[in-house]
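Quick notes on the structure that follows.
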Amino acid sequence: MTQSLRICVYAASSNQVAPEFHDAAFKLGEALAKAGHSIVYGGGSQGLMGALANGALKHQGQVIGILPKFMADLEWGHTGLTHLDLVEDMRERKHKLLTGSDAVIALPGGCGTLEELFEAITLKRLGIYFNPIILLNTKNFYAPLQTFMQQVIDEKFMNPEHETMWSLVDSVDQALPKILATPKWREDARDYAVVR
């Protein structure tokens, strides 16, 4: 039996996106709960955030939400979580989401999700975060980002080693195996954080 992991999931709050995105988020919640892993996420009740939490809670999964107080005041928080941690602001939320996590999964999302994802990638590049970062490529959502990031490397804004800081998976079934198969990031990450 694999040890229980604390998996940080970045997810969007939009209810207006295609049903495939909600379905994948719900299935991811189910899969992580069934495997005995805990989820830490943004604490919302709507969109992919709500679907993720509901999928895990359906199977008695441990779901920890990190929600800024102003969002709680707006009643954006999920009321059925294992634990809801109220924080002062978005910066504290991001810090608490990532701190202590054994892996990151980024679901498709907007500017908030992308900001969280890029912070995780940046911290990995700087040798501050060492764990797997997985992009769930539902409906090929992250393919343009992957192409862009390859351009960033080709234009020498990042080193070739940096392209292995994250992995794309096309289905929920691939996410957990990819986490388990991904080694810790290199301890010498700072030696090549700056482009040579």
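The values are calculated or read from the model by the stated rules, or taken from the named source; none is laboratory data. Please read all numbers here as calculations on a predicted model, not as lab measurements. Heads up, the Cβs are rebuilt from the backbone with ideal geometry, glycines too, and the neighbour counts pull from every protein chain shown.
Six or more apart or on different chains, Cβ atoms under 7 Å: show the pairs whose first residue is in the range 12-25 and more than 19 Å from Val40 (Cα to Cα) and free of Cβ contacts under 8 Å to residues at least 60 places away in the same chain and whose second is surrounded by fewer than 18 Cβ atoms within 10 Å (Cβ to Cβ) and aromatic (Phe, Trp, Tyr).
Matching pairs, first to second residue: none at all.
Yes or no: the range 132-150 includes at least one residue that is within 22 Å of Ser38 (Cβ to Cβ) and surrounded by fewer than 17 Cβ atoms within 10 Å (Cβ to Cβ).
No: zero hits.
Within the range 45-54, count every residue that is more than 12 Å from Gly80 (Cβ to Cβ) and crowded, with 20+ Cβ neighbours inside 10 Å.
Going through the range 45-54 one residue at a time, the tally reaches 5.
Among the residues of the range 162-177, what is the count of those that are surrounded by fewer than 17 Cβ atoms within 10 Å (Cβ to Cβ) and part of a helix (DSSP H, G or I)?
Total satisfying the criteria: 5.
Just name the residue that is modelled with the highest pLDDT out of those in the range 1-44 that are in a strand (DSSP E or B) and more than 12 Å from the chain's Cα centre (by Cα). Spell out the reasoning first.
We begin by selecting, within the range 1-44, every residue in a strand (DSSP E or B); these are 6-10, 38-41, 44.
Retained after the next criterion (residues that are more than 12 Å from the chain's Cα centre (by Cα)): 38, 44.
Details: Ser38: 98, Gly44: 95.
Result: Ser38.
Hey, can you tell me all the residues within the range 133-161 that are closer than 21 Å to Val194 by Cβ and of a type in the set (Lys, Arg)?
Within the range 133-161, just Lys156 meets the criteria.
Yes or no, residue by residue, for (1) among the basic types (Lys, Arg); (2) in contact (Cβ under 8 Å) with a residue 40 or more places away in the chain; (3) assigned to a strand (DSSP E or B); (4) within 18 Å of Met149 (Cα to Cα):
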position	(1), (2), (3), (4)
His95	no, no, no, no
Pro108	no, yes, no, yes
Glu115	no, no, no, yes
Glu119	no, no, no, yes
Thr122	no, no, no, yes
Ile128	no, no, no, no
Asn131	no, yes, no, no
Ile134	no, yes, yes, yes
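Can you confirm whether Gly55 is in a helix (DSSP H, G or I), over 22 Å from Ile121 (Cβ atoms), in contact with a Phe, Trp or Tyr (Cβ under 6 Å, 6 or more places away or on another chain) and modelled with pLDDT of 95 or more?
Judged against the criteria, Gly55 is a match.
When the range 136-161 is examined, which residues are found to be assigned to a helix (DSSP H, G or I) and under 24 Å from Ala11 (Cα atoms)? Break it down stepwise before answering.
Just the residues of the range 136-161 that are assigned to a helix (DSSP H, G or I), to begin with: 138-140, 143-154, 160-161.
Across the range 136-161, the qualifying residues are Thr138, Lys139, Asn140, Ala143, Pro144, Leu145, Gln146, Thr147, Phe148, Met149, Gln150.
Being under 15 Å from Ile7 (Cβ atoms) and not aromatic (Phe, Trp, Tyr) is the requirement here; does Leu114 meet it?
On the way: under 15 Å from Ile7 (Cβ atoms): no; not aromatic (Phe, Trp, Tyr): yes.
No: the conditions fail for Leu114.
Regarding the range 64-81, can at least one residue be identified that is in contact (Cβ under 8 Å) with a residue 12 or more places away in the chain, surrounded by 15 or more Cβ atoms within 10 Å (Cβ to Cβ), in contact with a Ser or Thr (Cβ under 8 Å, 6 or more places away or on another chain) and in a strand (DSSP E or B)?
Looking for residues that are in contact (Cβ under 8 Å) with a residue 12 or more places away in the chain, surrounded by 15 or more Cβ atoms within 10 Å (Cβ to Cβ), in contact with a Ser or Thr (Cβ under 8 Å, 6 or more places away or on another chain) and in a strand (DSSP E or B), one finds at least one in the range 64-81, hence yes.
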